[in-house]
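Below is one structure, written out as structure tokens; the observations come after it.
The values are calculated or read from the model by the stated rules, or taken from the named source; none is laboratory data. Worth saying up front: this structure is predicted, and the values here are computed from it rather than measured. Please note: Cβ atoms are built from the backbone with ideal geometry, for glycine as well, and neighbour counts cover all protein chains shown. Surface accessibility is based on the protein's heavy atoms, side chains included, excluding ligands, DNA and RNA. Shrake-Rupley method; radii C 1.70, N 1.55, O 1.52, S 1.80 Å.
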Amino acid sequence: MDDQKQPQASATTDTASEVVWNVPNVLSMFRLVFAAAVFVLLPLGFYASALVMFLVSAATDFVDGWWARRFNQITKLGRVLDPFCDKILVCGTFILLAVEMNGAASSIIPPYARIAGWMAVVVVARELLVTALRSAVEGSGGDFSAKMAGKLKMWFQCIAIVAAFVALLSVGEVTVRDAFEQPKFPWWLAGIMVLANWTAVLSTLWSGWGYVRAAAPMFRNPVRQE
């Protein structure tokens, strides 16, 4: 009896994996919408709302990955859509936070505690490089699946982004509290910002280097002339 049921279960699983607009892919699309909301709210100064949208968007990344593995709903569209949405969310938020922290908030937040423009460039450059390497490796039939360093990098980047939001939210409180004095940025928050920013940058560089090493053997092979 068990042998007779197995093919039917396998067929059902294969059919589920072939559905394009399954739960993981729909969640990825929602992540894209939430990211757009972050990009609108952040420049307008609605930092609390933008932070909530970012956290909800980041949460969908965990849920759609778990769902796809748990119910075997990994699709070709999902393999493209999921990392694309992640990159849009993280890179876009890093860029806008760098603009905000080095704009009006720069009079209160010390330079060493801000997300600098070059940090945003490092994040974007790493994502562009890994995307190009993945396209080349998988196009030649190789495997370029996500590595643990890449997943940790995502966590550290999200922590840095949340810390930056908290810093921007505290700027208003500092300004109101010290309206008749020289505004002072909390030293403990500055320390957290320094630690979060540099951890995100170093983990970004390290994970990028890991992907470069993984792709290096392919580039050592000579191109075949047909």
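Model label points for residue 106 and residue 219, set 7 angstrom from Cα along the Cα-to-Cβ axis, are 3.4 nm apart. Remark: segment 48-175 carries 48 Å² of accessible area per residue (probe radius 1.4 Å; ligands, DNA and RNA excluded). A simple rule links phi to the HN-Hα coupling: the Karplus curve 6.51 cos²θ - 1.76 cosθ + 1.60 with θ = phi - 60°, which for segment 202-213 gives 5, 5, 5, 5, 5, 5, x, 5, x, 5, 5, 5 Hz, with x for Gly and Pro.
Candidate cross-link partners of residue 87 among the lysines, defined by an alpha-carbon separation under 21 Å and a same-chain spacing of 8 or more, comprise 76, 147, 151, 153.
The calculated Kirkwood hydrodynamic radius for segment 32-152 is 16.1 Å, given to one decimal from all distinct C-alpha pairs.
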